[in-house]
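Okay, structure first, notes after.
FYI, it's all coordinate maths here, none of it is from the lab. Because the structure is predicted, anything quoted here is derived from the model rather than measured. Neighbour counts are summed over all protein chains in view; Cβ atoms, including those assigned to glycine, are modelled from backbone coordinates with ideal geometry.
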């Protein structure tokens, strides 16, 4: 079984990925000691990229508006203007 370091996994992921595809499993070492085993997922379909789809009918604009502050009422606006006149 081939080995690779955690640093290689972070900096040279594609090379480690090729090792996993060729060997089936790769031992990842950390500071010279075996720490993890990386293997290919059994249901992986080569050549196909499976992307998650956003839920149908989800309204992102409505969610954005829900985070926005609500406008103040006309009465509150007049009270603020009256308060400013006193200053």
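So which residues in the stretch 1-18 are in contact with a helix residue (DSSP H, G or I) (Cβ under 8 Å, 6 or more places away or on another chain) and in a loop (DSSP other than H, G, I, E, B), if there are any at all?
1
Could you list all residues from the stretch 19-37 that are in a helix (DSSP H, G or I) and either surrounded by 11 or more Cβ atoms within 10 Å (Cβ to Cβ) or in contact with a helix residue (DSSP H, G or I) (Cβ under 6 Å, 6 or more places away or on another chain) (or both)?
Hits for the stretch 19-37 are 19, 20, 21, 23.
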